[in-house]
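Quick note: the coordinates plus some simple rules give every number you see, no bench work behind them. All values reported here derive from a predicted model rather than from experimental measurement. Positions of Cβ are backbone-derived with ideal geometry, glycine not excepted, and every protein chain shown enters the neighbour counts.
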């Protein structure tokens with residue numbers, strides 16, 4: 001078994017422009033911000049971003065790195081509408097595929113299971129179908145004959161996620177109350193880079209919490225990045241909460257000015 005540890009910049013050096021990139025977390029909660037900062041320091045662009053969006057999407061949108069966004073929402077939680085995302089959408093900066101939260105999840109499930117789509121009831125009879133004319137429906141081949149939305153697989157070239165603990169082999173542990181589907185992002189991707197608050201010995205992972213918290217499995221992980229405070233300014237329960245002062249500064253400061261300080265290595 002190999003040691004998969006690397007730096008954030010080394011992980012991002014493996015990404016390429018034009019990729020489909022999944023970013024874990026949820027809104028302004030446990031986003032892999034150390035990896036996002038490294039991505040923004042790079043020249044990688046023209047990305048299709050797949051995310052339950054938060055400041056990750058806002059920053060990449062403000063920096064002009066997104067070609068297409070697949071999302072169920074983009075929010076800062078305590079600030080309901082992500083302002084940099086909103087500004088980018090209002091000027092038509094990128095293509096948007098906005099789908100229901102459950103449809104998004106089943107798209108990840110389909111990709112993780114290497115299926116082209118999965119049938120779901122979510123979206124039937126809603127404007128999701130109108131604003132996404134590319135979506136198709138399927139009819140059950142059984143006696144019920146029910147019609148479902150055929151949610152396409154959200155297949156990813158790479159995934160970026162942040163967890164509380166990981167070992168050098170790529171096993172990742174979520175100690176907070178909600179894993180936010182980070183395991184699905186990793187399983188749906190060709191490569192996955194996991195940042196963590198602390199790299200620990202494998203044996204320590206089972207001492208800290210129940211085995212059910214070991215959701216990210218080493219066989220789907222390409223690289224492990226030790227990044228203390230690596231979700232800041234988003235939350236990473238139970239290690240720390242969201243830094244509301246930093247988030248407010250982000251939301252109210254012109255992006256070039258905020259980025260000048262925030263994107264520095266070690267910030």
Query raised in the report: In the chain, what percentage of the DSSP-assigned beta bridges are antiparallel, given to the nearest 5?
Result: 30 percent
Query raised in the report: Can you tell which of 250, 52, 193 shows the greatest fluctuation in a Gaussian network model of the chain with Cα springs below 10 Å?
Result: 250
Query raised in the report: With each label point set 7 Å from Cα along the Cα-Cβ vector, what nm distance links residue 157 and residue 209?
Result: 3.2 nm
Report task. Label the range 50-185 by shape, choosing from rounded, prolate and oblate, from the square roots a ≥ b ≥ c of the eigenvalues of the Cα gyration tensor; if a/c is under 1.5 it is rounded, and otherwise prolate applies when a/b is larger than b/c, oblate when it is not. Result -> oblate
Report task. With a/c under 1.5 counting as rounded, go ahead and sort the range 112-267 into rounded, prolate or oblate using the C-alpha gyration tensor (a ≥ b ≥ c being the square roots of the eigenvalues; past the cut-off, prolate if a/b is larger than b/c, else oblate). Result -> oblate
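Return a whole-number percent for the relative contact order of the chain, with Cα pairs under 8 Å and 6 or more residues apart as the contact set. Working shown, then result.
Working: 607 pairs, mean separation 58.8, N = 267.
Averaging sequence separation for qualifying contacts and normalising by length gives 22 percent for the chain.
Whole number please: convex hull volume per residue, Cα atoms of the range 29-105, in Å³. Write down the numbers at each step before the final one.
On the way: hull volume 6.8 nm³, N = 77.
Convex hull of Cα atoms, per residue: 88 Å³.
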Query - Computed over the range 149-267: relative contact order in percent, which uses C-alpha pairs under 8 Å that are six or more apart - result: 27 percent
Requested in this report: Determine the distance separating the Cα centre of the range 54-123 from the Cα centre of the range 198-267; give it in Å without decimals.
Outcome: 20 Å
Requested in this report: Sort 4, 248 so that the residue with the fewest other Cβ atoms within 10 Å of its own Cβ comes first and the one with the most comes last.
Outcome: 248, 4
Query raised in the report: Which length gain, in nm to one decimal place, applies between residue 115 and residue 201 when the Cα-Cα distance is subtracted from 0.36 nm times their residue separation?
Result: 27.5 nm
Query raised in the report: Separation between the residue 138 and residue 89 pseudo-spin-labels, each 7 Å from Cα along Cα→Cβ, expressed in nm?
Result: 2.9 nm
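Contact order normalised by length for the range 6-68, with contacts defined as Cα pairs under 8 Å and 6 or more residues apart; what percent is it?
Details: 91 pairs, mean separation 23.5, N = 63.
This gives 37 percent for the range 6-68.
Suppose only helical runs count, i.e. DSSP H with n ≥ 4. What mean residue ellipticity at 222 nm does that imply for the chain under -39500 (n - 2.57) per run, divided by all residues and rounded to the nearest 500 deg cm²/dmol? Spell out each step's value before the answer.
Details: 10 runs with 77 residues, N = 267.
Estimated from H runs of four or more residues: -7500 deg cm²/dmol.
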Query raised in the report: Most mobile of 168, 136, 218 per a Gaussian network model of the chain (Cα springs, under 10 Å)?
Result: 136
Report task. Quote to one decimal, in nm, the extra length available between residue 16 and residue 77 on full extension: 0.36 nm per residue of separation minus the C-alpha distance between them. Result -> 18.9 nm
Report summary line: Shape call for the range 8-252, from the Cα gyration tensor axes a ≥ b ≥ c (a/c under 1.5 means rounded, otherwise prolate when a/b beats b/c, else oblate), comes out oblate
**Report entry** Most mobile listed residue (198, 14, 91) in the chain, GNM with C-alpha springs under 10 Å
**Finding:** 91
